[in-house]
């Protein structure tokens with residue numbers, strides 16, 4: 001390429017086509033003020049003002065419910081952040097599982113002794129409906145949990161709900177009204193005292209075929225090969241997906257020869273209302 005340039009220059013020189021005098025100014029050679037200078041000044045002032053608002057968002061009541069990913073610096077919404085963890089009493093929210101994994105591998109690298117940079121912690125506490133140390137109830141399984149360490153969050157009608165597991169969160173998102181509207185379902189305690197062989201009163205608006213009657217609190221038959229788990233093993237709550245120890249489970253139900261264990265009486269009641277929905281998912 002350099003050789004081609006030299007050849008071209010030689011050709012133009014031989015033909016006398018190389019100009020020898022400057023015919024005009026290429027650019028302004030002195031400093032002057034014009035309309036572009038005014039636009040530059042306005043742009044710098046506007047940028048400075050926007051940066052000031054960004055740095056003082058909490059002071060002016062902005063950024064409520066948002067936090068900054070400590071790994072990549074991306075702004076994420078705390079109500080439905082893909083990942084969340086607590087380090088030294090401070091909540092951290094992440095844009096992805098990858099950022100979460102990097103943080104967990106070396107928290108000190110990303111915190112440097114500083115707390116997570118929330119956009120407005122006061123607004124965030126108000127959104128979760130509880131201050132630090134307070135607890136709320138999982139609307140799906142009824143379990144009492146700390147919203148700051150909950151496995152998941154979801155916002156419905158402007159209200160933030162906390163969940164003990166991803167299973168409860170997904171169940172809630174599928175049908176929020178079902179878990180927020182009181183139902184006439186019998187409590188597990190009342191169901192346990194119902195005479196054996198009788199069924200709960202059916203909902204007159206429910207057109208589904210009645211399911212087999214689960215036996216509440218029934219002792220597992222140790223001789224049945226299809227018993228779900230041995231009492232010394234961990235099992236999964238079929239409603240919320242939480243791991244449960246059969247020996248300390250809050251409730252258990254026997255349905256079609258299989259015993260199911262639950263983390264709370266609310267999950268057991270939910271299961272009783274529609275056993276087929278949860279057993280079909282378990283056996284599939």
**Message:** Output needed: percent of Cα pairs per 5 Å distance bin for the range 49-98, bins running from 0 to the one holding the longest distance.
**Reply:** 5, 21, 25, 22, 18, 8, 2
**Prompt:** Under Stokes-Einstein, with the Kirkwood radius over Cα pairs standing in for Rh, what whole-number D in µm²/s applies to the range 1-102 at 25 °C and 0.890 mPa s?
**Reply:** 121
**Asked** Which peptide among 253-260, 234-241, 173-180 comes first, and what is the full order, when sorted by highest mean count of other Cβ atoms within 10 Å?
**Response** 234-241, 253-260, 173-180
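Computed from the coordinates by the stated procedures, all read-outs in this text should not be read as laboratory data. Predicted model only: the values in this text are computed from it and were never measured. Using ideal geometry, Cβ is built from the backbone for each residue, glycine included, and neighbour counts are taken over all protein chains shown.
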